[in-house]
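Worksheet: the structure to be examined is printed underneath.
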Amino acid sequence: MDDVGRWGLDASSPEQQAELASRLIACADERDPSRDDGVPPAALLSEAGEILELLGDHVGALAAYRRAVTAEGVTDLDVRCLLHRALLSVGDL
């Protein structure tokens, strides 16, 4: 997660932040289950969703949160809360 934090600090423009979200999603997709690096896919997807949500990409955030709910691992914040917020943001009541 330290690397993820550093990547976030380096992403200063909206384009770089969107690229970071894509990178986090790719990292979650490419995770090697035999290697425990301490960063579960659920956390990567949740972080990507939060970035996308801040950028105004509510559809992209919703997709990331939906994947995070069923992904391996736990997150600091219950991703179901983020999913609920994203559903409201896209008008899915």
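The values are calculated or read from the model by the stated rules, or taken from the named source; none is laboratory data. Predicted model only: the values in this text are computed from it and were never measured. Neighbour counts are summed over all protein chains in view; Cβ atoms, including those assigned to glycine, are modelled from backbone coordinates with ideal geometry. Only protein heavy atoms, including side chains, enter the accessible area calculation; ligands, DNA and RNA are left aside. Shrake-Rupley method; radii C 1.70, N 1.55, O 1.52, S 1.80 Å.
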Practice problem: Sort 78-87, 39-48, 63-72, 13-22 for me by packing, meaning the mean count of neighbouring Cβ atoms within 10 Å per residue, highest on top. | Solution: 39-48, 63-72, 78-87, 13-22
Quiz item: Given a 1.4 Å probe and every protein chain left where it sits, what share in percent of the accessible area of the chain is carbon and sulfur?
Solution: 52
Practice problem: Find out how many positive minus negative residues lie around A64, taking Lys and Arg as positive, Asp and Glu as negative, among other residues whose Cβ is under 11 Å from that of A64. | Solution: -2
Quiz item: Looking at (1) 1.49; (2) 1.03; (3) 1.08, which value of Cα Rg over 2.2 N^0.38 Å comes from a calculation on the structure shown?
Solution: (2)
Practice problem: Please calculate how many Å² of accessible area the chain carries per residue, with a 1.4 Å probe and no DNA, RNA or ligand atoms counted. | Solution: 62
